[in-house]
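Notes to accompany the following structure.
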Amino acid sequence: AVGSRDGTIQLFEINANKIAVPAELGERFEPGADAITVKNTWSAQPNLQQLAFEPQGNQLAVLSSNRLQLWNFQTAQLVWELNLQGRAEAFALSPDGMIAIAGTFINNDTKLVEQNSIHLWNIRTQKQQHALPGHHLPVTVLTYSPDGYWLASGSADNTVKLWDTTQGNLKHTLTSHQ
């Protein structure tokens, strides 16, 4: 899938039988005309930042600065939308249906601004599970372990934090990463 700033998303289908593998290193790769085809095109929100397929492969998650959407990419139908009270910087999808979103958000309960925090959402229930504060500068990358138990967050504060996603607890901080 490819997304653009204007909100257009294109899903491509690759026919492996039509792609020639380069014979030598450095040779230019040029697939045949029918090797890659556009399977579907639709319009999501503008200012796309990140795309990711959910682990089961049925939906495509689309992040803009203040909205996360889940699309059924076969039908180009919007399945779920989360309007964020703030600005998102990064997100990750877990194997078990959780979404981690990092950014600066307004807490709906306290009305306080939570800078550089991570929020864990359950896709199925559409409920927030945990808020994970702790970074001093923006979180730039998030990734889940294959079992979904751990979440690693990397930040401009030169730390990587490892979180227990079941309890929402910080377990380790790795420092001096640049």
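Taking the condition modelled with pLDDT of 80 or more, charged (D, E, K, R) and in contact with a strand residue (DSSP E or B) (Cβ under 6 Å, 6 or more places away or on another chain), does K161 pass? Let's see the steps before the verdict.
Values: modelled with pLDDT of 80 or more: yes; charged (D, E, K, R): yes; in contact with a strand residue (DSSP E or B) (Cβ under 6 Å, 6 or more places away or on another chain): yes.
The answer is yes for K161.
No other residue among Q69, Q126 is open to solvent by 40 Å² or more (accessible area, probe 1.4 Å), within 28 Å of D6 (Cβ to Cβ) and touching a residue at least 24 places away in the same chain (Cβ under 8 Å) apart from Q126.
Considering only segment 169-177, I want to know if a residue exists there that is among the basic types (K, R) and either within 24 Å of Q49 (Cβ to Cβ) or surrounded by 14 or more Cβ atoms within 10 Å (Cβ to Cβ) (or both). No; the residues of segment 169-177 include none that is among the basic types (K, R) and either within 24 Å of Q49 (Cβ to Cβ) or surrounded by 14 or more Cβ atoms within 10 Å (Cβ to Cβ) (or both). Is it the case that segment 140-155 has a residue that's modelled with pLDDT of 90 or more and of a type in the set (D, E, K, R)? Yes, because at least one residue in segment 140-155 is modelled with pLDDT of 90 or more and of a type in the set (D, E, K, R). Screening G57 with (1) assigned to a strand (DSSP E or B); (2) without any contact (Cβ under 8 Å) to a residue 60 or more places away in the chain gives one miss only, at (1).
Selection of segment 45-66 for residues being exposed (fewer than 15 other Cβ atoms within 10 Å of the Cβ) and closer than 20 Å to P95 by Cα yields F53, Q56, G57, N58.
Within segment 101-119, does at least one residue satisfy the condition of being at pLDDT 90 or above, open to solvent by 80 Å² or more (accessible area, probe 1.4 Å), in a loop (DSSP other than H, G, I, E, B) and not polar (S, T, N, Q)?
Narrowing segment 101-119 to residues at pLDDT 90 or above: none.
No.
The values are calculated or read from the model by the stated rules, or taken from the named source; none is laboratory data. Keep in mind that this is a model prediction, so the values were computed, not measured. Reconstructed Cβ throughout: ideal geometry from the backbone, glycine too, with neighbour counts over all protein chains shown. The protein model used for the area step is the full one, side chains on, heavy atoms only, and it has no ligands, DNA or RNA in it. Shrake-Rupley method; radii C 1.70, N 1.55, O 1.52, S 1.80 Å.
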